[in-house]
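The values are calculated or read from the model by the stated rules, or taken from the named source; none is laboratory data. A quick note: this is a predicted structure, and the numbers were derived from the prediction, not measured. Every residue, glycine as well, gets a Cβ built from its backbone with ideal geometry; the counts of neighbours run over all protein chains shown.
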Amino acid sequence: MTIKRPRSITLASSVNTKELGKLNVTGTQEDAIVACLKTLSDGYITP
């Protein structure tokens, strides 16, 4: 049995470099996003 692999796409061709990183948020909004992200956890504890 032969498995067909999907045609690979290079990362560079699929990245929007014109808008990458331009979130247009204020410093306060950025701080709120970071605070929210810090609350997320999968429960993993470093041994």
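Below are the figures for this structure:
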read-out	value
Test for Ala12: is it at pLDDT 80 or above, surrounded by fewer than 10 Cβ atoms within 10 Å (Cβ to Cβ) and within 17 Å of the chain's Cα centre (by Cα)	no
Pairs, first without any contact (Cβ under 8 Å) to a residue 40 or more places away in the chain in segment 20-47, second assigned to a loop (DSSP other than H, G, I, E, B), C-beta under 8 Å, six or more apart	Glu30/Leu23; Ile33/Val25
